[in-house]
Every structure is written in structure tokens, then in C-alpha cells.
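Chemist: Questions regarding the structure given below will be posed in turn.
The values are calculated or read from the model by the stated rules, or taken from the named source; none is laboratory data. It should be emphasised that the depicted structure is a prediction, and the values quoted were computed from it without experimental measurement. Quick reminder, even Gly has a Cβ in these numbers, built from the backbone with ideal geometry, and neighbours come from all protein chains shown.
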Amino acid sequence: MRKTLLLLPGPVPVAQPVLEAMSWPMINHRGPEFAELLARLEREMKPVFGTSSDVLFLGSSGTGGLEAAVASCFSPGDRVLSCPVGVFGKRLAEIARVNGCTVEVLETPLGAALDPAALRTRLAQSDGAGFRGILLTHNETSTGVQNDMAAIAAVTRGHSALTIVDSVSGLGASPFEMDAWGYDVVISASQKAFAAPPGVAMVAVSQRAWKAIDSSRGTGYYFDLKKAREFASKGQTPWTPPISQFYALAVALERYHADGLEANFERHATYARAVRAAFETLGCSIFSRPDAHSVTVVAAYPPDGVDAAQLLKTLGERYGVVISGGQGELTGKIVRFGTMGDVAESDLLGAIAALELALADCGATVGLGSGVAAAALVLTDARTASVS
């Protein structure tokens with residue numbers, strides 16, 4: 001079978017030891033071995049979230065974590081402000097609507113990050129009832145945009161509204177300081193920067209959020225953070241957990257921390273710079289604005305005359321490199337190149353070489369080797385800087 005190189009915004013390539021962990025024998029999910037595993041996962045996740053508060057683990061994708069946060073924190077009829085910068089921010093707003101919230105939206109142009117000043121103005125304009133919650137996205141894979149969460153925190157900190165942060169594709173790839181920044185609930189998942197298989201959502205909950213949750217008339221049953229907290233105190237999950245995915249996440253986190261937080265942050269940022277340099281050299285236009293670039297996914301328009309769907313098809317079928325297309329209104333217009341997972345520099349350069357060939361196959365005028373050279377220069381400069 002031909003090897004495929006997966007460079008999606010998730011799921012991502014997973015190292016062999018992480019995959020092998022999923023073959024370990026089952027254990028009693030109500031017994032001491034699982035309790036020890038759950039405690040270990042929480043210890044290792046807290047510094048990544050930047051919190052001393054509870055971190056809960058759910059058997060679900062990241063979307064399950066988002067639904068758990070919304071369903072647990074808010075009651076039907078609560079008024080919340082959604083601040084989307086792409087498809088996944090809009091999904092979080094829709095989750096709130098389905099759970100009975102009244103959702104107002106602060107619009108941001110596609111490709112731009114949320115403007116803290118615009119958020120400050122919108123909050124100041126809210127009527128006497130105010131907002132019960134603010135829905136935020138740390139990193140938006142549909143547009144290749146990353147928000148400045150420290151700057152946004154300067155606006156939201158001290159506001160009465162609870163802040164719910166989707167950091168599914170951001171946490172672990174760039175710094176996050178939940179406690180210092182004053183965020184209330186932050187959600188991530190296993191299948192992104194932590195380079196583990198899908199199936200585990202992680203939800204960090206502040207003490208302020210717990211007070212709100214305890215008084216809310218939440219609509220969740222499976223996705224109920226109060227139940228999750230109750231069982232976590234006993235070293236359990238409310239429902240049968242995906243034990244194999246928990247094993248894999250434990251090994252992935254061990255590998256993650258062996259590299260160290262800063263090294264992981266720098267690797268994602270360097271890879272993203274390298275991909276952007278290659279794209280631009282090859283005539284592609286980066287979709288995100290210069291002050292809003294994500295470190296986990298690069299979104300770009302193909303060169304003029306190149307059909308995005310055909311480029312993706314050629315790249316995958318002829319060269320075995322799988323990247324993503326656009327979503328929503330960007331379907332068929334952009335391509336998206338992920339930087340997460342068990343990806344070596346040689347994998348990155350090989351994928352860019354394949355991209356050059358696929359672009360040429362699709363009719364673009366390409367200087368073969370130019371994209372690889374541009375990316376290699378970024379990687380070399382980063383390596384030099386790290387030892388100087």
C-alpha cells in the first residue's frame with residue numbers, strides 16, 4: 001500500500017509508539033489503574049492550558065467538548081455574544097442556539113483576527129441585560145487565522161460574561177495562559193497539536209465557571225460537566241471512556257513534554273512560516289492577514305488559473321500528500337496545509353516538493369525546487385537562531 005502523508009488541519013500523523021499504545025489490554029474504567037491514568041493526564045494537561053483549575057476528559061471529538069461547555073454553563077434563553085472568525089466559530093454559535101441561547105454575532109472579515117477594540121465597543125453597547133457569555137476561538141483552521149488571546153483577555157477580563165474558548169486547534173501549538181488571562185472554560189482535543197488519535201476532548205474549567213455551572217439550568221446529559229466533575233473526583237468518567245484513546249493520549253503527552261512547551265511552540269511556528277514562504281514563492285496568496293497567521297494551518301489561494309479541487313486531487317492521488325480544501329463559502333477557493341502531528345522537517349520539504357509537481361501538473365508555471373528552497377531557508381534560519 002502506498003504511504004500517504006497527512007498534512008490536514010486534523011486528524012494528524014501519529015507516531016508509532018502512540019499508535020501501539022492503542023493495542024494495550026483493556027482495564028477496569030472504575031478501577032485504580034484508570035484513576036491513575038486520568039490523574040496523570042490531568043497533571044500533564046494543566047501546564048499546557050496554563051491553569052491550576054480542573055481539567056476534565058470526555059470521550060468525544062473537540063465538538064463534544066464545546067457542546068459540554070455551552071450546555072453546562074448556560075440556560076435556555078441566556079444571551080451570548082459570538083465572535084467567529086470562520087466556520088468553527090460559527091459552529092460554536094450554532095451549538096449555543098441549539099441549546100436555547102439567544103446568540104448575537106460580532107462579525108469579523110474572513111482572513112482577519114478578532115479586533116479587541118471592536119469587541120470592547122460591542123460589549124459597551126450591550127443593553128442593561130448584558131451578555132451571559134462570550135464565545136471565542138483561539139485558532140480557526142477554516143481560515144488559517146489565530147486570534148491574539150492575550151489582547152482579547154484585556155477586554156474580557158473582569159466582564160461579568162463567561163468566556164468560552166475553542167482552543168481545539170490552538171492549545172499546545174502556541175502559548176496559552178488560561179488563569180493569567182482570566183478565561184473561564186477552554187476546550188481542546190487529542191487529534192491536533194498533541195499528535196494523538198481523535199476521540200478525547202479536554203475541558204478546563206475555572207472556579208468562576210463552576211459557580212455559574214452549578215446555578216445553570218443546563219440541557220446536557222452525556223455532555224454534562226457537573227457529572228464529569230463528580231466522577232473525576234473518584235478517578236472515573238461518567239460514561240465508558242475510549243480507554244485505547246486515553247492510552248494513546250498519555251503516550252503522546254509524554255512525548256510532547258519530553259520536547260518541552262517552548263520547543264513545541266517554536267516548531268509549529270517555524271513550520272507555518274516555512275509553508276507560507278513556500279506558498280508565496282510558488283505563486284499562492286496567503287489567505288490570512290499578516291497579523292493573524294495561524295501556526296497550525298496555512299490557508300492560501302492557488303496561483304491564477306489553478307483549480308483548487310484539481311490541485312488537491314492531483315497532490316493526493318499522484319503524489320500521496322493529503323492537504324485540505326476550503327470550507328463554507330471558501331469551498332473550492334483555497335487550500336489548507338496543516339503543520340501539526342508527527343511531522344519531520346524532511347516530511348515538510350517532501351510535501352512541498354510534491355506540491356510543486358502538482359502545481360506544474362495543473363498548469364502553473366513553477367520553478368521546481370524554489371518552494372523547497374524557500375521553506376528550507378526558514379527551517380535553517382530557525383535552527384541557527386535556536387543555537388545562537
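Chemist: In the set 276, 336, 267, 289, which member is under 15 Å from residue 352 (Cβ atoms) and either surrounded by fewer than 21 Cβ atoms within 10 Å (Cβ to Cβ) or touching a His at 6+ places or on another chain (Cβ under 8 Å) (or both)?
Modeler: The unique qualifying residue is 276.
Chemist: Let me ask another. Can you name the residue in segment 119-153 that is in contact (Cβ under 8 Å) with a residue 12 or more places away in the chain and surrounded by fewer than 15 Cβ atoms within 10 Å (Cβ to Cβ) and, of all such residues, is farthest from residue 78 (Cα to Cα)? I'd like the intermediate steps shown before the answer.
Modeler: First, pick out the residues of segment 119-153 that are in contact (Cβ under 8 Å) with a residue 12 or more places away in the chain: 119-120, 122-123, 126, 129-153.
Within this subset, residues satisfying the condition of being surrounded by fewer than 15 Cβ atoms within 10 Å (Cβ to Cβ) are 126, 129-130, 150.
On the way: 126: 14, 129: 10, 130: 10, 150: 26 Å.
So, considering only residues that are in contact (Cβ under 8 Å) with a residue 12 or more places away in the chain and surrounded by fewer than 15 Cβ atoms within 10 Å (Cβ to Cβ), the one farthest from residue 78 (Cα to Cα) is 150.
Chemist: Within segment 147-154, is even one residue outside any loop (DSSP other than H, G, I, E, B), modelled with pLDDT of 95 or more and touching a Ser or Thr at 6+ places or on another chain (Cβ under 6 Å)? Break it down stepwise before answering.
Modeler: Quick first cut of segment 147-154, residues outside any loop (DSSP other than H, G, I, E, B) only: 149-154.
Imposing the further condition that a residue be modelled with pLDDT of 95 or more reduces the set to 149-154.
Now drop any that are not touching a Ser or Thr at 6+ places or on another chain (Cβ under 6 Å), which leaves none.
No, there is no match, as no residue in segment 147-154 is outside any loop (DSSP other than H, G, I, E, B), modelled with pLDDT of 95 or more and touching a Ser or Thr at 6+ places or on another chain (Cβ under 6 Å).
Chemist: So, in segment 125-146, how many residues would count as being part of a loop (DSSP other than H, G, I, E, B), over 23 Å from residue 175 (Cα atoms) and out of contact with any Asp or Glu (no Cβ under 6 Å at 6 or more places or on another chain)? If you could, list the steps in order and put the result at the bottom.
Modeler: Pass one, segment 125-146, residues part of a loop (DSSP other than H, G, I, E, B): 126-132, 138, 141-144.
Adding the requirement that they be over 23 Å from residue 175 (Cα atoms) leaves 126-132.
From what is left, the residues that are out of contact with any Asp or Glu (no Cβ under 6 Å at 6 or more places or on another chain) are 126-131.
Looking only at that region, the number is 6.
Chemist: Something else now. So for segment 184-204 (the condition being surrounded by fewer than 20 Cβ atoms within 10 Å (Cβ to Cβ) and free of Cβ contacts under 8 Å to residues at least 40 places away in the same chain), does at least one residue qualify?
Modeler: So far as segment 184-204 goes, no, none of its residues is surrounded by fewer than 20 Cβ atoms within 10 Å (Cβ to Cβ) and free of Cβ contacts under 8 Å to residues at least 40 places away in the same chain.
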